[in-house]
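A short worksheet on the structure shown next.
Please treat every number below as a calculation from the coordinates, not as lab data. Not measured: the values here are computed from a predicted model. We place every Cβ from the backbone using ideal geometry, glycine too, and count neighbours over all the protein chains shown.
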Amino acid sequence: MKEKIISISLVVIIFSNFLPIDRVFVDGPNYSYSNKDGSVTFTEFKGRDFEMMKRKVESYSQKTGNTDTTMYRLFKRNPLTFWRWGNYFISKRYRLPYKDWSEIKAIRGEIENKTGFQDF
């Protein structure tokens, strides 16, 4: 009986990583990114993806000459959301280093004039 429960659980976990379950949940992940000093921030949503974030950082580097182009993800991995485990290993966004937003905000402070490279 225990083997049956374990087998069923493993099947559910494996298949949940192949199905678009994230789209079903209203509280889907909020993918936000920032460089170390907060001069570039980006949030993914419909039509704005990870590749667009990379282009925005490249544009920032070219226009300002700033070499601070290492982006940090501002979202943590949640091991309880087993349907995202596949993304944790495959997706490029999870390969970025994690940094807490409060650390970046303390460096950046309040912005008075947005440069067009800050989403928040």
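Quick look at the values:
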{"item": "Helix-only [θ]222 nm of the chain, DSSP H runs n ≥ 4, -39500 (n - 2.57) each, per residue, nearest 500", "result": "-11000 deg cm²/dmol"}
{"item": "Under 18 Å from the Cα of Lys99 - lysines, other chains or at least 8 residues apart", "result": "Lys36, Lys54, Lys76"}
{"item": "Share of alpha-carbon pairs per 10 Å distance bin for the stretch 29-108, given as whole %", "result": "18, 49, 28, 5, 0"}
{"item": "Rounded tilt (10° steps) of 50-64 against the dominant C-alpha axis of the chain", "result": "20 degrees"}
{"item": "Rel. contact order, % - alpha carbon contacts under 8 angstrom, at least six apart, the stretch 37-114", "result": "37 percent"}
{"item": "Approximate spin-label separation Lys2-Gln118, in nm, with each point projected 7 Å along Cα-to-Cβ", "result": "5.6 nm"}
